[in-house]
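The values are calculated or read from the model by the stated rules, or taken from the named source; none is laboratory data. Note that the structure is a prediction, hence the values are computed from the model and not measured. Glycine gets a Cβ as well: all are built from the backbone with ideal geometry, and neighbour counts include every protein chain shown. For the accessible areas, the whole protein counts, side chains as well, though only heavy atoms, and no ligand, DNA or RNA atoms are used. Shrake-Rupley method; radii C 1.70, N 1.55, O 1.52, S 1.80 Å.
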Amino acid sequence: MANLEILTFPDARLRRRAEPVPSVDNEVRQLVDDMLETMYAAPGIGLAAIQVNVPKRVVVIDVSEDKNDPLCLINPEIVSHDGVEEMEEGCLSVPGFYENVTRAEHIKVSALNRDGQPFELETGGLLAVCIQHEIDHLDGKLFVDHISILKRQRIRRKLEKERRQSAAAAGTARRKAI
Ligand code: GNR
Ligand code: NI
């Protein structure tokens, strides 16, 4: 298992459209296991492969209280949806920022599981929100695309500044070490 590095907004690699998985083989299962470890370590309630720089349609989720109910969705598709609901969202690729996003309240989703078997899931609440958030990632979308341009720019500037500062700090540490 491996704890993978998570890309952060505004990294252009998060904007790619992920490719469907043609067959669920051992390589895909290894990716799923590494993604679960990365998600639990972060900690987060979901993770899309594109966030760890793998442009494949693979998602892991665990919205359980005790973090003991992992869910894996490969090639997920929303079959039907109804209702609208607003919920505050965060994202491991947009660390430290939380905004309200409006999405479908209930969804029916089809996907393949870790064994490559097809299944359908009908759900609402946080799980439905999380699945929609993750499918957005697979299409190169982030929750900040659902908020105002002004808020998105503010978040981008702050994260770019943080990145510059941590890069500068790393440079200082390296020079001191030499
Ligand atoms: O950990 C996460 N929490 C969360 C909260 C509300 C709505 C969506 C999410 S998903 C997020 C993890 C993540 O970034 N997945 O892509
Ligand atoms: Ni996210």
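Go through the range 89-129 and report how many residues are of a type in the set (Ser, Thr, Tyr), within 15 Å of ligand 2 (Cβ to nearest atom) and touching a residue at least 12 places away in the same chain (Cβ under 8 Å).
1
Tally up the residues in the range 1-38 that are more than 13 Å from the chain's Cα centre (by Cα), in a loop (DSSP other than H, G, I, E, B) and among the polar types (S, T, N, Q), please.
Matching residues across the range 1-38 total 2.
Of the residues VAL32, VAL54, only one is more than 9 Å from ligand 1 (Cβ to nearest atom) and under 18 Å from ASP139 (Cβ atoms); which?
VAL54
Pull out all pairs, ordered by first then second residue, where Cβ-Cβ is under 6 Å, the residues are six or more apart or on different chains, the first lies in the range 62-77 and is under 19 Å from LYS108 (Cα atoms), and the second is outside any loop (DSSP other than H, G, I, E, B) and open to solvent by 50 Å² or more (accessible area, probe 1.4 Å).
VAL63/LEU126
Look through the range 140-151, keep the residues that are outside any helix (DSSP H, G or I) and either open to solvent by less than 50 Å² (accessible area, probe 1.4 Å) or β-branched (Val, Ile, Thr) (or both), and return whichever of them is farthest from ligand 2 (Cβ to nearest atom).
Among those that are outside any helix (DSSP H, G or I) and either open to solvent by less than 50 Å² (accessible area, probe 1.4 Å) or β-branched (Val, Ile, Thr) (or both), it is ILE147.
Please find, among GLU105, GLU99, GLU86, GLU160, the residue that is at pLDDT 95 or above, among the charged types (D, E, K, R), under 22 Å from ILE50 (Cα atoms) and within 16 Å of ligand 1 (Cβ to nearest atom).
GLU99
Which condition from (1) touching a residue at least 40 places away in the same chain (Cβ under 8 Å); (2) surrounded by 19 or more Cβ atoms within 10 Å (Cβ to Cβ); (3) out of contact with any helix residue (DSSP H, G or I) (no Cβ under 8 Å at 6 or more places or on another chain); (4) closer than 22 Å to THR123 by Cβ is the one that VAL28 breaks?
Result: VAL28 fails condition (4) only.
Can we say SER80 is open to solvent by 60 Å² or more (accessible area, probe 1.4 Å), among the small types (Gly, Ala, Ser) and at pLDDT 95 or above?
no
If only one of ARG163, ARG114, ARG154, ARG175 is part of a helix (DSSP H, G or I), within 23 Å of LEU4 (Cβ to Cβ) and either open to solvent by 50 Å² or more (accessible area, probe 1.4 Å) or of a type in the set (A, V, I, L, M) (or both), which one is it?
Step by step, each of ARG163, ARG114, ARG154, ARG175 is checked, and only ARG163 is part of a helix (DSSP H, G or I), within 23 Å of LEU4 (Cβ to Cβ) and either open to solvent by 50 Å² or more (accessible area, probe 1.4 Å) or of a type in the set (A, V, I, L, M) (or both).
Restricting attention to the range 130-139, which residues are open to solvent by 10 Å² or more (accessible area, probe 1.4 Å) and either of a type in the set (Val, Ile, Thr) or more than 12 Å from ligand 2 (Cβ to nearest atom) (or both)?
Residues satisfying the conditions are ILE135, ASP139.
Being outside any strand (DSSP E or B) and among the β-branched types (Val, Ile, Thr) is the filter here, so list the residues in the range 39-82 that pass it.
ILE45, ILE50, VAL52, VAL54, VAL63
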